[in-house]
Every structure is written in C-alpha cells, then in structure tokens.
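Taking it in order: structure first as structure tokens, then the write-up.
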Amino acid sequence: MIFTRHDLKCYLSMDKYALGIKRRKPRFIGDDVWKFEITLRYHEYYFNNRDKSFVHKLLLCWYKYRHYCIGRRLGFDIPINVFDGGLRINHTGLIVVNSNARIGKYCDVHQGVNIGMQGKSEDDCPIIGDNVWIGPGAKLFGKIKIGSNCQIGANAVVNRSFEDIGITIAGIPARKVSDHANPYRREYLL
C-alpha cells in the first residue's frame, strides 16, 4: 500500500519497469495502460492519505474521477490497494478484479481476466503471490492462494489453491500441468 511519496515513487518506477517503458512521461496520444496505472497509483496514495489535509481530499476526488473514466474507457475494473508494485497490464480489454483480492509484486495480467469472490463473504477472495503470469481469459475465484512465480494458462478456471512455487496451472477446472514455470516460454499457454 502507498502511504508516503517515496512509496508512490517506488510503485510508479516498478510499474514502469514492468511495462518495459524507457520514456520519462507517457505520450500525449497512446500509452493508455501506463496512464491508467499512474492514475491508479495516485488514487491509492491520496486515498490512503485523505485525512492529511483538505488538498489531499480534493486531489482524491480528482484521481478517483480520472481512475474511473480511464478504467471505463479501457475496460478495466481494478480497485485501489489490490495490486502491489510492478503491475503489468498487457492489453486493453475487460479486466475485473474484486477489491478484497490481494495480488503480489510484478503480476502480469492479460485481457479477459476475472479475479473475484465465490460466496457472499468478503474473505472469499484470491490471494496471489509475486511474479505471477495470468493468461488471457483466466478466471480465479474463491478463497484460494496461488504461490509465487506461477503461470496460469489462457482460459483457466482456478477455483482451488495452488500454493507450490514456480508451477504452471491450466485447464477447466485448473490443474498443475508442469512443475516448472518458464518465464521465457509463456506463449505455449496461449
């Protein structure tokens, strides 16, 4: 979670690194995903510091509005304080994430991903580790835990926990298909 300006700067640089961007600022036309992530991080910062001053409350309203508008235009429903630093959204398109889910550092998300709860309880949301690659169209729901360095294949339906580190998960319902997740050969999961 982002509480200080230093945290904000670290999160922004981690997101920029994850997206593979070398420029200082987003282009005026284009770089829509990067603009969304910047707005998301500022919204998180001002939300977590909303009681500091009246100016913080005004800026919170502005970034909340921008977050909503850009997210709606791109098809993202990603709430604040869910993703840790290093978020990589590969494409525009429908991405829905529950506000009670917790996702670690350097998560790689494709279009069509749905991360949500299964029942009525707020505790029934996924907890996902660091360096997880989530393929296009994957659905993760329920009170599950996904270990770090895992890959989730395209259109996988994950409704149970896989706490092993560095595995590949695919299928409907999801099952472990490999003990080794290869970060350089992810195209075979598409």
Handout entry: One residue from Asn114, Asn131 being in contact with an Asp or Glu (Cβ under 9 Å, 6 or more places away or on another chain) and polar (S, T, N, Q)
Key = Asn131
Exercise for the section: Sort out which residues of the stretch 12-33 are part of a helix (DSSP H, G or I) and either within 19 Å of Ile70 (Cα to Cα) or acidic (Asp, Glu) (or both), and write them in order of number. Expected result: Leu12, Asp15, Lys16, Leu19, Asp32, Val33
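Considering only the stretch 46-152, give the strands (runs of 3 or more DSSP E) lying wholly within it that have at least 2 residues that are more than 12 Å from the chain's Cα centre (by Cα).
Fully inside the stretch 46-152 and qualifying: 139-141.
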Practice task
Answer yes or no as to whether Gly112 is within 15 Å of Gly137 (Cα to Cα) and either without any contact (Cβ under 8 Å) to a residue 60 or more places away in the chain or in the same structural domain as Lys16 (by TED's automatic domain parsing) (or both).
Solution key: yes
Exercise for the section: Pick out the one residue from Gly129, Gly137, Gly147 that is surrounded by 16 or more Cβ atoms within 10 Å (Cβ to Cβ), small (Gly, Ala, Ser), within 16 Å of Gln111 (Cα to Cα) and at pLDDT 90 or above. Expected result: Gly137
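The values are calculated or read from the model by the stated rules, or taken from the named source; none is laboratory data. Being a predicted model, the structure only gives us computed values, none of them experimental. Ideal geometry is used to build each Cβ from the backbone, glycine not excepted, and the neighbour counts take in all protein chains shown.
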